[in-house]
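Here the structure comes first, spelled out in structure tokens, and everything after it is commentary.
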Amino acid sequence: MTYEFDFAWLAGYWPVFARGVAMTIRLILVGGVLGIALGIFCAWGRALGPRWLRPLVALYVELIRNTPFLIQLFFIFFGLPAAGFRLNEVEAASLAMVINLGAYSAEIIRAGIEATPRGQFEAGASLALSPLQTFRHVVLIPALQKIWPALASQVVIVMLGSAVVSQIAVEDLTFAANFAQSRTFRAFEAYFLSTAIYLALAILLRFLLLRLGDLLFPHKRGAR
Amino acid sequence: MSLIAIEGLRKSYGEHEVLKGIDLEVAKGEVVAVIGKSGSGKSTLLRCVNGLEAINGGSITVDGARLAGDEAHLRALRLKVGMIFQQFNLFPHKTAGQNVMLAQQVVKKTGKAAAEAMARRMLDRVGLGEKFGAYPDQLSGGQQQRVAIARALAMEPMALLCDEITSALDPELVGEVLQVVRGLAAEGMTLMMVTHEMAFARDVCSRVVFMHQGRVHEAGPPGEVFANPRTPELQSFLGRVA
Amino acid sequence: MSLIAIEGLRKSYGEHEVLKGIDLEVAKGEVVAVIGKSGSGKSTLLRCVNGLEAINGGSITVDGARLAGDEAHLRALRLKVGMIFQQFNLFPHKTAGQNVMLAQQVVKKTGKAAAEAMARRMLDRVGLGEKFGAYPDQLSGGQQQRVAIARALAMEPMALLCDEITSALDPELVGEVLQVVRGLAAEGMTLMMVTHEMAFARDVCSRVVFMHQGRVHEAGPPGEVFANPRTPELQSFLGRVA
Amino acid sequence: MTQFTLLDILRNLVFATQWTVILSLVSFIGGGLLGLGLLVLRIGGGRIFAPVVRVYVELFQGTPLLMQLFLAFFGLGLFGIDVPPWLAAAVALILWTAAFLTEIWRGCVEAVPKGQWEASASLGMSYVEQMRHVVLPQALKIAIPPTVGFSVQVVKGTALTSIIGFTELSKAGTVLSNATFQPFTVYGLVALIYFALCFPLSQAARHLERKMNVAHRH
Amino acid sequence: DALEDIKSAGIIRVAVPQDFPPFGSVGTDMKPQGYDVDMARLIATRLNVDLALVPVTSANRIPFLQTGKVDLVISSMGKNPERDAVIDFSDAYAPFYNGVFGPEDLAIADASDLSGRTVGVTRGSIEDLELTKIAPADATLKRYEDNNGTISAFLSGQVEAIATGNVVAAAIIAQDPPKKPAMKFLIKNSPCYVGLNENEPALQAAVNEIIAAAKADGALEEIAQQWLGMGLPEGL
Ligand SMILES: Nc1ncnc2c1ncn2[C@@H]1O[C@H](COP(=O)(O)OP(=O)(O)OP(=O)(O)O)[C@@H](O)[C@H]1O
Ligand SMILES: Nc1ncnc2c1ncn2[C@@H]1O[C@H](COP(=O)(O)OP(=O)(O)OP(=O)(O)O)[C@@H](O)[C@H]1O
Ligand SMILES: [Mg+2]
Ligand SMILES: [Mg+2]
């Protein structure tokens, strides 16, 4: 079988791809920032929070981690309106990503918190810091620093996983590929292109996150 | 009236009773050395006085206020009594100066400028004026421990609890930390310190408390305690350490 | 002829030259104490002799064979020279006995029965005959360090390198380890040890080497070195430690 | 239009679940073996193989699994190589799983304290002997919880094989909801089945992790 | 030559949809059924070969064809010049009654009334292609992966109207949902074509012949009655 690759059609479709890339970036920006914020809150809730909060967080984390993202997306987009809460597809996709990353990052950040030596909590306490102040000023930053690479990987995974939001008509990068191929039947070219863009985005995103880590944690700690 | 008054203090971990009724008073300006074998409950005693452990019986009174378990009381207590740990426990993501400033700003709501001035004063006092901007892992163990002391002092506590603060240090660095403590004692700070440095205890302390199996087994001025240990346990303990 | 001969040894980490030309000979049966301030290069020296660090200049000769960087030479060297670390470094997934047996079986291809017999003998020798089946985390620090000694001895090395082997131990446990080392010295083992235990060095060692800023600054019999330190650096070092 | 009872839906979903399970097992076992080989190359492969493995990992972790499956199945077809869907699915999933497991395990090997390497070196062990007797046994132990944890991702990852024509659980869900117009029933059941598959795995991972923290504090 | 190959193998492999009723969905036994499936069966019978059905989605049906994993794609495909450049099409084999549907009280009479409104449609389907051409610029088309997405979007109120086949709309109404889709206007009646690889004139001719014959002898009419609930239109 000889197949001739042909990218001439791209002339008409590059705006679709450009918009798709922009949408994917927008989703991961919102999902990343809010997802990690939610993750921090949940990690705190599960490791140090009030007793009543812990099982709730655990339930949320387990529900999300043990079901596919696509199904979560469907429930948010198609299901929530039945409960009188309508989100458009972009909002729904963003929310799904926040909730998804929130659950995963909660587990990762919790590991960082639990790896914090007890002495740090005690030092905070003995200086009369409240538990919340100790968490905020003493525990959080070193804990985040410890798990930052893992967190960066998870953000990349969520970015790649966001490909399925095209199923609820979000016009992201995968949508662009699907859309172009549904018109031109140039499936290989469309998917090949989108794969290459995803790879570039993944590498770039990881690089930027690690740089961000350097900025957030300017002081590299020596080998423990 | 004594600054710290401990009465009938009991503390258990599960089944295991670690403190079996401790009575101890520490007057203002006193320097008390707590000695004893590993596992005799020295650390536990100090941690109870700092409210880091919930107690199972008896009472602890600091400056007239009895210690209760709720957050507000605990914070009030800890403002009166500072604690320094064997493992320094400096905050690794903050410089020496920020370590000293943090609690002032967060707990006492001191302004940044005032907190910084205080931090510089305290770091000067422990001989580390020029290390304000250094991170903990850029400091030697002895320097880290001195920062920890400065950090506790910056809260202007009425007493300091020190738990084997030189045990994690290389022998050469022990001196510089003890020098700082000696200075504090001379200035009249109330100190309660667990230590293995017998020579130091003899020189500096006004009273030595020997703990054994969760009780105060013997106590008295260092001259008496070290020269004429009455119980065989203390005799054997001193024999081994010296 | 000396067992270990170090000539003009240089070692740098990046820009930082840590050993600046070390000359040192250790005869068979000698017990050499290496002392010096933190960062003076003591550990680095020992690690070079054990081939754990690649060297940048000079030579190290053990029992007539010059140390080269390839795997075969390194293994031959390490069979002649054992090393014991500050942090014990026992294999946590193996019992005391298995810790001692492993290298015999894997490296020397000793049969299981012979390796076990040797392990029992060596554990007996360090006073831990009955701990054969215990896992490291079931042993105290002092016991763990003695297993580490037994493990090194089981390889029947010509010399042992000891890097602050008591520094991670609680003061009460130091004695039991030093007791074992004292026994080895008495039996004629060649020892090169970094230590902060000056009293021990004075009692047991045949020579003391004082390192300062990557050089051997002063060396001699302990009587001389401790009684009449010639350089101000050694004087100040001894003054601080003693 | 054909009428489906709830039982019909459930029966078909459970039937499709067997593909999910089979694919998961294949990718996990195959990916584990391949990952182990890659791990050895990654940490002991020197200047030639280690970077190759790094690029491999970057490639497979940096692109959507969906696209990997697509290219494995159709891409090879373009070159006239006719791979059956089960083979393409297995190969792509194995390659993908291996990329992640290699990285997870590398982290575990690096978590073994340096002192263990030094102690075993000073006893005269060669690199391979150190690995075999000292480092890997310890790394393996640390590796169990995250590995079991990752299996959850593998189970969910198999959903994407529908792109090459596999009717596993989630594809069956799509097809059924298109036939019945009852998306909530169908997807609700799908979610439940996934949860039933994955929850025990993640619980096991957590349990192992906790057990390990209690048992060994080295 | 593909036709030769099919005959000598004694089997024809046909890609059919599984997520696009009534053209392709599944029965309770998970076996494909629908207009496209019957069409495939018809072609196989008349070629006197066995039939292998390969379920596909809109995302992978063309790769299946191009990599030689199937001989024909019968997947309610519409034709456009771009598509025609990549694969070949047979004559039309099925009509497609597309309309825009909305709730009773939604006032839409023709394409221009879609101005400012959100319409759901299944991506890559004929109605997607056609509606894209005729919808005013300020109408928003939301393109879902499959019919199910489109319908769910309508029922959950995520879109105001949907473009779909009349049979699909009828099936929704049969479920008696709170929101019933009523026909607003008909999109151009655009037929479906069988897709096959380029440069296979023999196979193309054979398929066209079968389609013509089936139109003439009523076989296609029967299929249409069964799945679309109405006969073939004039001039298909
Ligand atoms: N968190 C804890 N849970 C259970 N038991 C504990 C805990 N902390 C301390 N113990 C036990 O309480 C006893 C006293 O411990 P403590 O740390 O007070 O002794 P210590 O005198 O400070 O000893 P050392 O000189 O070794 O520091 C010991 O038997 C110890 O095992
Ligand atoms: N792996 C390394 N990379 C870079 N620098 C190192 C490394 N190991 C040691 N050094 C540096 O080499 C110097 C000598 O270190 P070494 O550990 O030999 O000192 P030491 O005399 O053993 O000190 P100590 O008494 O604290 O153990 C120190 O300045 C140290 O910072
Ligand atoms: Mg203690
Ligand atoms: Mg050293």
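Per-residue shielding of C:99-109, expressed as the average number of other chain Cβ atoms within 10 Å of the residue Cβ, stands at 4. When C:Asp203 is represented by a point 7 angstrom out along its Cα-to-C-beta vector, the spacings to that point in the other copies are 2.4 nm, nearest first. Backbone phi angles across the stretch C:100-110, fed through the Karplus curve with coefficients 6.51, -1.76 and 1.60 (θ = phi - 60°), yield HN-Hα couplings of 6, 6, 3, 5, 4, 5, 7, 8, 8, 6, 5 Hz in residue order; Gly and Pro are listed as x.
Rounded, prolate or oblate, given the Cα gyration tensor of the stretch D:6-217, with a/c below 1.5 counting as rounded?
On the way: a/c = 3.54, a/b = 1.66, b/c = 2.14.
Oblate is the answer for the stretch D:6-217, as a/c is 1.5 or above yet b/c matches or exceeds a/b.
Classify the protein assembly as shown as rounded, prolate or oblate from the Cα gyration tensor: take a ≥ b ≥ c as the square roots of its eigenvalues, call it rounded if a/c is under 1.5, otherwise prolate when a/b beats b/c and oblate if not.
Prolate, since a/c reaches 1.5 and a/b exceeds b/c.
Among the trypsin sites (Lys or Arg not before Pro) within the stretch A:2-74, those in coil by DSSP and having at most 10 neighbouring Cβ atoms inside 10 Å are A:Arg51.
Between rounded, prolate and oblate, where does the stretch B:1-74 land on the alpha carbon gyration tensor, with a ≥ b ≥ c its root eigenvalues, rounded for a/c under 1.5, else prolate if a/b exceeds b/c? In terms of gyration-tensor shape, oblate. Evaluating 6.51 cos²θ - 1.76 cosθ + 1.60 at θ = phi - 60° for every residue in the stretch D:16-22, the Karplus couplings come out as 5, 4, 4, 5, 4, 5, 4 Hz, glycine and proline recorded as x.
Applied to the stretch B:214-231, the Karplus parametrisation 6.51 cos²θ - 1.76 cosθ + 1.60 on θ = phi - 60° returns per-residue 3J(HN,Hα) values of x, 10, 7, 8, 7, 7, x, x, x, x, 5, 4, 6, 6, 10, x, 8, 8 Hz, with x for Gly and Pro. Could you pull out which residues in the stretch B:181-212 have an amide N less than 19 Å from a spot 7 Å beyond the Cα of C:Asp170, following the Cα-Cβ vector? Of the residues in the stretch B:181-212, B:193-198, B:209-212 have backbone N under 19 Å from the label point off C:Asp170. Find how many whole Å separate the alpha carbon centroid of the stretch B:157-225 from the alpha carbon centroid of the stretch C:184-215. The stretch C:184-215 and the stretch B:157-225 have Cα centres separated by 31 Å. Counting only protein heavy atoms and a 1.4 Å probe, the stretch D:80-218 has 38 square angstrom of accessible area per residue. Normalising the average separation of contacting C-alpha pairs (under 8 angstrom, six or more residues apart) by the number of residues puts the relative contact order of chain E at 26 percent.
Using a probe of 1.4 angstrom and keeping all protein chains present, the accessible surface of the stretch A:34-173 works out to 34 square angstrom per residue.
If R0 is 25 Å, what FRET efficiency do you get for B:Asp124 and B:Ser206 from their C-beta distance, rounded to 0.05? So, using R0 = 25 Å, E works out to roughly 0.40. Which of E:Lys31/E:Lys69; B:Lys28/C:Lys37; C:Lys37/C:Lys108 have a Cα-Cα distance over 30 Å? The answer is B:Lys28/C:Lys37; C:Lys37/C:Lys108. Can you give me the Cα centroid spacing of the stretch D:18-41 and the stretch D:92-108 in angstrom? Cα centres, the stretch D:18-41 to the stretch D:92-108: 9 Å. Simple spin-label estimate for D:Ala196 and E:Lys31 gives 2.7 nm between the two label positions (7 Å along the Cα-to-Cβ direction from each Cα). Counting charges near E:Ile134 (Lys, Arg +1; Asp, Glu -1) among other residues having Cβ under 12 Å from its Cβ returns a value of -3. Relative to one another, the C-alpha centroids of the stretch B:16-67 and the stretch E:112-142 are positioned 78 Å apart. Identify the residues of the stretch C:104-138 with backbone N under 15 Å of a label point that sits 7 angstrom from the Cα of C:Glu187 along the Cα-to-Cβ direction, or state none. Those under the cut-off are C:117-129.
Largest GNM mean-square fluctuation among E:Gln225, E:Gln33, E:Gln18, using chain E with Cα springs under 10 Å: E:Gln225.
Tell me, what is the percent relative contact order of chain D, built from C-alpha pairs under 8 Å that lie six or more residues apart? Write down the numbers at each step before the final one.
Values: 214 pairs, mean separation 62.0, N = 218.
Dividing the mean separation by the residue count of chain D yields 28 percent.
When the solvent-accessible area of the protein assembly as shown is split by element, carbon and sulfur atoms take up 58 percent of it, the probe being 1.4 Å. Between A:Arg136 and E:Asn199, the distance separating the two model label sites (each 7 Å from Cα on the Cα→Cβ line) works out to 7.2 nm.
For chains D and E, what's the summed buried accessible area, probe 1.4 Å, to the nearest 100 square angstrom?
On the way: alone 12760 and 10620 Å², together 21100 Å².
Accessible area lost upon association: around 2300 Å².
Put simply, the amide H of B:Gly36, placed in the peptide plane, has neighbours under 5 Å in B:Met211, leaving out anything fewer than 5 places away on its chain. Of the trypsin sites (Lys or Arg not before Pro) in the stretch B:89-158, the ones in a loop by DSSP (not H, G, I, E or B) with at most 14 other beta carbons within 10 Å are B:Lys109. For B:Gly223, the distances from its label point to the matching points in the remaining copies are 4.0 nm, ordered from shortest, with each point set 7 Å beyond Cα toward Cβ. Listed cross-link partners A:Lys146/D:Lys141; C:Lys112/D:Lys114; C:Lys11/C:Lys42; C:Lys20/C:Lys42; A:Lys146/B:Lys94; E:Lys133/E:Lys188 are compared with a 19 Å cut-off, the Cα-Cα value being larger for A:Lys146/D:Lys141; C:Lys112/D:Lys114.
Let me have the relative contact order for the stretch E:93-163, percent, based on Cα pairs under 8 Å that are six or more residues apart. Provide the component values of the computation, followed by the final result.
Values: 100 pairs, mean separation 29.2, N = 71.
Across the stretch E:93-163, relative contact order equals 41 percent.
Peptide A:167-180 shows a mean partner chain C-beta count of 4 within 10 Å per residue C-beta.
Averaged over its residues, the stretch C:39-167 has an accessible area of 36 Å² per residue, based on protein heavy atoms and a 1.4 Å probe. Kirkwood hydrodynamic radius of chain E, from the reciprocal of the average inverse Cα-Cα distance over all distinct pairs: 18.3 Å. Going 7 Å from the Cα of B:Glu71 in the Cα-to-Cβ direction, what parts of the stretch A:132-149 have a backbone nitrogen less than 18 Å from that spot? Answer for the stretch A:132-149: A:132-140.
The residues neighbouring B:Ile55, those whose beta-carbon lies less than 14 Å from its own, together hold a net charge of 0 under the Lys/Arg +1, Asp/Glu -1 convention.
Report the residue, chosen from E:Glu127, E:Glu104, E:Glu222, that carries the largest GNM mean-square fluctuation when chain E is represented by alpha-carbon nodes joined by springs under 10 Å. Comparing E:Glu127, E:Glu104, E:Glu222 in the GNM, the peak value goes to E:Glu104.
Between A:Ile203 and A:Leu53, what's the calculated FRET efficiency when r is the beta-carbon distance and R0 is 25 Å? Round to 0.05.
Values: r = 38 Å, r/R0 = 1.51.
Here the calculated transfer efficiency is 0.10.
Treating r as the C-beta distance of B:Ser38 and C:Glu17 and R0 as 51 Å, the FRET efficiency rounds to 0.80.
Count, for each residue of C:152-160, the Cβ atoms from other chains sitting within 10 Å of its Cβ, then give me the mean as a whole number.
Values: counts 3, 0, 1, 3, 0, 3, 0, 0, 0.
Mean shielding count: 1.
With the highest mean first, a sort of the peptides B:69-76, D:65-72, E:1-8 on other beta-carbon atoms found within 10 angstrom per residue produces D:65-72, E:1-8, B:69-76.
At the nearest 100 Å², what buried accessible area, both sides summed, do you get for A and E when the probe is 1.4 Å? List each step's numbers first, then the result.
Values: alone 12680 and 10620 Å², together 20880 Å².
Buried area (both sides, nearest 100 Å²): 2400 Å².
Between B:Leu160, B:Leu52, B:Leu128, the Gaussian network model of chain B with springs among Cα atoms under 10 angstrom shows the greatest mean-square fluctuation at B:Leu52. In nanometers and ordered shortest first, the copy-to-copy spacing of the B:Gly21 label point, defined 7 Å from Cα toward Cβ, is 7.2. Count Lys and Arg as plus one, Asp and Glu as minus one, and take only other residues whose Cβ is under 14 Å from that of D:Ile144; the net charge is then +3.
The values are calculated or read from the model by the stated rules, or taken from the named source; none is laboratory data. All figures in this text were calculated on a predicted structure; none of them were measured in a lab. We place every Cβ from the backbone using ideal geometry, glycine too, and count neighbours over all the protein chains shown. Just the protein is used for accessible areas: all its heavy atoms, side chains included, with ligands, DNA and RNA removed. Shrake-Rupley method; radii C 1.70, N 1.55, O 1.52, S 1.80 Å.
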